[in-house]
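Just so it is clear, none of the values below were taken in a lab; they were calculated from the coordinates. Source: prediction; values computed, not measured. Ideal geometry is used to build each Cβ from the backbone, glycine not excepted, and the neighbour counts take in all protein chains shown.
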Amino acid sequence: MKVADIFSSAKATGAQPISFEMFPPKGELTLEHAREVAEQFQDLHPDFVSVTYSAGGSGNSGATAKIASMLTHDFDITSVAHLTCISLTHDELQRKIDEMRQAGVENVLALRGDLPQGTNAADAARAEYPYAKDLIPTLVDAGFCVGAAAYPEGHITCENLELSVEHLKQKQDAGASFFVTQLFFDNECFFRFREMADRAGITVPITAGIMPFMSKQQISRMVFMCGASLPSPVIKLLAKYEDNPDALREAGIEYACRQLEGLRDADADGLHIYTMNRPSVARAAIEALRK
Ligand code: FAD
């Protein structure tokens, strides 16, 4: 099923699609491990599950389409295959499109990807697909339902939020029919961003992405990677449970559940949970939302 259709029918009934993100595990047991995760997701009836993509290096780029296919064909879960374009040539993109078609993929999250190590913005501008907006039309023409990434606090390398929203509009104009946001810890950031997106003419659904924090190391990695701001309740929890990793993990899941409830009550178009391949995280979120 096309994700755009899921959002349209949800809108008609006032429902909010709930989705999960999973990543292809690295190593030899890729599909087996993914299958175990998918099996547990199936019981939770998500509206769709998106599968991340890792270009080159230690990444497992071929696994994304396989796992998306397995989710849909073996577990009857609508899936979205992520695809990054910064290192793709036109020929490679055609091969990726063929691979995804053969796997029966219907939905793609079109991304630029982070710049390869040792390259800068000038190198990136010379790439065959420098930005996600350049990838989207080819995928739409190939018949995929295409989504893209949105940044409630602005993309980390973008000068300001206004410009980031302009870039978002370019992705909608290029054919994106839904957006999934970067994680954020402060719902107010999402609400402000949603107002700006409305004013900029963004009309496609924006689903809010939430990742529970699991440890101090994970949260600092996230903050440095994506520039998410840490509101004081999160900082206080990090301080309170500094010496108790189990309690911190529980507090992180609890905090994410409260965030999701707040977004549900504020009529976010959809709720997307960064599960980190942990069905227990997905289950806690679903239980909080369906209470
Ligand atoms: P773009 O929208 O192309 O933006 C990239 C940068 O260029 C931004 O700073 C933007 O403001 C700027 N920009 C855009 N258009 C223009 C323009 N016309 N002129 C000048 N500047 C412009 N990464 C992975 O490797 N694999 C994944 O599976 C993956 N999944 C993700 C899922 C979600 C929901 C999100 C939010 C991110 C994901 N990422 C993933 C990370 C993503 O690849 C990085 O954030 C990357 O740096 C930007 O990708 P983008 O598609 O948002 O890029």
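Using a/c under 1.5 as the rounded threshold, could you call the range 60-117 rounded, prolate or oblate? The axes a ≥ b ≥ c are square roots of the C-alpha gyration tensor eigenvalues, and prolate needs a/b larger than b/c, oblate otherwise. Since a/c reaches 1.5 and a/b is larger than b/c, the shape of the range 60-117 is classed as prolate.
Cα gyration tensor of the range 181-251, axes a ≥ b ≥ c as square roots of the eigenvalues: rounded (a/c below 1.5), prolate (a/b > b/c) or oblate? Don't skip to the answer; put the middle values down first.
On the way: a/c = 2.84, a/b = 2.63, b/c = 1.08.
Note, shape of the range 181-251 comes out prolate.
Would you mind ranking 191, 7 so that the residue whose beta carbon has the fewest other beta carbons within 10 Å leads the list? The partial results should precede the final answer.
On the way: 191 15, 7 25.
Exposure proxy ranking, most exposed first: 191, 7.
Look at the alpha carbon pairs under 8 Å that are at least 6 residues apart: their mean separation over the length of the range 186-291 gives a relative contact order of 38 percent.
Please tell me the relative contact order of the range 1-160 in percent, rounded to the nearest whole number, where contacts are Cα pairs under 8 Å and at least six residues apart.
Relative contact order for the range 1-160 comes out at 20 percent.
Using 0.36 nm per residue, how much length does the chain from residue 11 to residue 198 gain when fully extended, once their Cα-Cα distance is taken away? Mind dumping the intermediate values first?
Details: separation 187, 0.36 × 187 = 67.32 nm, distance 1.64 nm.
Roughly 65.7 nm would be gained on extension.
Relative protection proxy for 197-206, 138-147, 280-289, from highest mean packing down: 138-147, 280-289, 197-206 (other beta-carbon atoms within 10 angstrom). Note that the range 37-45 has calculated 3J(HN,Hα) couplings of 5, 4, 4, 6, 5, 4, 4, 8, 6 Hz, one per residue in order, obtained from phi through the Karplus relation 6.51 cos²θ - 1.76 cosθ + 1.60 (θ = phi - 60°); glycine and proline are x. The lysines whose alpha-carbon is closer than 22 Å to the alpha-carbon of residue 236, local same-chain residues fewer than 8 away aside, are 216. Here the contact order of the chain, divided by its residue count and restricted to Cα pairs under 8 Å and six or more residues apart, works out to 19 percent.
A straight Cα-to-Cα reach below 29 Å connects residue 171 with the lysines 2, 11, 66, 96, 133, residues fewer than 8 places away in its own chain not being considered. Between the range 125-167 and the range 265-291, the alpha-carbon centres lie 25 Å apart.
Nearest 20 debye, what's the magnitude of the dipole of the chain about its Cα centre given +1 on Lys and Arg Cβ and -1 on Asp and Glu Cβ?
Working: 27 positive and 39 negative charges, 47 e Å.
In total the dipole reaches around 220 debye.
Would you mind classifying the range 3-290 by shape? Square roots of the alpha carbon gyration tensor eigenvalues, ordered a ≥ b ≥ c; an a/c under 1.5 is rounded, otherwise it is prolate if a/b is larger than b/c and oblate if not. Mind showing how you got there, number by number?
Working: a/c = 1.32, a/b = 1.20, b/c = 1.10.
Taking the square roots of the gyration eigenvalues as a ≥ b ≥ c, the range 3-290 is rounded.
The H on the amide N of residue 150, modeled in the peptide plane, is under 5 Å from the matching H of 180, 181, 182, each at least 5 residues off or on a different chain.
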